[in-house]
Every structure is written in C-alpha cells, then in structure tokens.
Amino acid sequence: MALTNFIPAVYAAATMAALDSALAYGSDGVINRDYDGDVAEFGGSVIINTIADPTIEAYTSYTDMVGGNAATTPQTMLINQKNAWSVNIDDVDRAQARDDSDFVSKLAERAAHKLAKTADAYIAAQMAAAVTPGAEVTLTATDAAKAYELLVDLRTDLSNNDVPIEGRWVVVTPKFHGLLLKDPRFVSSGDALGGVTRSSGVVGNAAGFTVLESNQAPDGPGAGVGKLILAGHGLATTYADQITKTEAIRHPKQFVDVLRGLHVFGAKVVRPTCLAARDVVGA
C-alpha cells in the first residue's frame, strides 16, 4: 500500500520549516538570507556585491561637493554543500500508525533535526575561518564572572569595528551557558524570559547580545583544545539553502515505501569585521 497522500512540495516545506527552527548559527539574525531565493540546484553560485561605505565630507554652502562613484566588491557564495536522507517505511509499520500524515510529518521533523546539525556546523566553520580570535581563555567551574566578562570583551571588539549595536548575537556552548546561569547579572537581566521555551537555541540576553546555545561550536585554534565562542551581527554572514528533491518511491523487492530528499546549501562570510571570537578552554 503506497503513500498515496504524499505531496512532495508539502513534505519539503514541512522539512524546511522544522530545519529552520532547529538552527542556531543558521538562524535568522545570526546570518542573513538575502540570497535565499537564488538557490536552485547543487553546484550553483550566487554573486554578492558588497557595497563600500560612501565618503562623508564637510559641506560648504554654494560649493561643489567632491562626491564619488558607488563602489562594489563582488564575492561568490558557492552552493556546494549537499546532504540527503532516505527512510524506508514498511507497510505493516505504517498500517499500525494512527495517522498516516502525522507519521510522515514526524519523519520530516527528525530528518530536519539531523540536517540542521550538519548545516549549523558548516556555517560555524565558515565564521571561524573568517575571524581571528583574541587570546586563549581558560574557564573553570567557578569562573561564572569571568564568563560574563568575556561577553563584555566580545562586545568591545565589535564596537571597536563600528558593528551596529542592534542585532548583535553570541553563540555559546551548553557548558558556557551553565556558567552564565551562575552569574546574577545574567539571571536577573539577561534571562528575563525565565523558563519559556525559545526557538533556534535562544537562551537569553546579556552584555548587549542575544545569547544562543549550540553543541556545534567549532574547535578553537589554540593548543588547549578549546571551543570557539563566536559573536557578531547578521550583516557578517549570508546563507542560502533549499530542499531541492523530495520523493516517495516504491521499493522494487519489498512492501516498503522509500521517502527521500536532498538538501543543498552554502554560506559566505561577507563582512568578517562584523564577527568576534574567543578560544575558550573549558567551555
């Protein structure tokens, strides 16, 4: 008995929605999706024209301004990452499911969760490659105050690069978040949402950042086997993805439906000065 009610577009949309909600480094605000609609297939590319800042000059009445031509720097984002999933559904197992559509939706959610981990790790790696972290920092279980002060240092780094204050984020590890929870400055002001469940890994606000938690933090470059605590702004990195293939096919030699799909994506750091990082041992 085949999945007669399977609609590829609906299944792809459900998977994408669940995938987006599971991202941290790839969540809206941490990255931008300015070129999302330009993704069609694996192997493509997107040309990104970064606009240079205009020159500001003093103005004197009745005097011509010097001005200047608008300047752009082209950068290429490759859509060169692809991940697929395939799930076999035996007719007997599916017949025992109370709701056929709910069964497929649950599979979409689990596929999206696994896809999100891979995509998040890739985006984080692109950010890590584009930023030079400050001095290596070691934290112990009693260094709650030191953890919070590290966020303040990251804030200073971004401010020194004229990164917009509104929309700043920092992604921390669960262990680092645990240290923040021991600091009253985070608990009293940064974690004002209390126990409310938050989407995309958001766990609070601190030192001018939206704080997100992720297990996909990249390794730091130092000898201490630390984790990279990344902070920044959505201007820094652009990301685009698409579920390009979804299909249900009948297994030729079993009473089994095969659900499968293909996720393609790419990411590019276009403004590395809008990122800051610390290599944290013990995080």
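In the range 209-283, what chymotrypsin sites (Phe, Trp or Tyr not before Pro) fall in a loop by DSSP, with at most 16 other Cβ atoms inside 10 Å?
Within the range 209-283, the qualifying chymotrypsin sites (Phe, Trp or Tyr not before Pro) (loop, at most 16 other Cβ atoms within 10 Å) are Phe255.
Give me the lysines in straight-line cross-link reach of Lys175: C-alpha distance below 20 Å, same-chain residues under 8 apart excluded.
Lys117, Lys146, Lys227
Multiplying the sequence separation of Thr156 and Thr55 by 0.36 nm and subtracting their Cα-Cα distance, what value in nm do you get?
Roughly 33.9 nm would be gained on extension.
Read-outs throughout are calculated quantities, based only on the coordinates presented, and are distinct from any laboratory measurement. Nothing here was measured: the structure is a model prediction, and the numbers come from that model. Cβ coordinates were reconstructed from backbone atoms using ideal geometry, including for glycine residues, and neighbour counts include every protein chain displayed.
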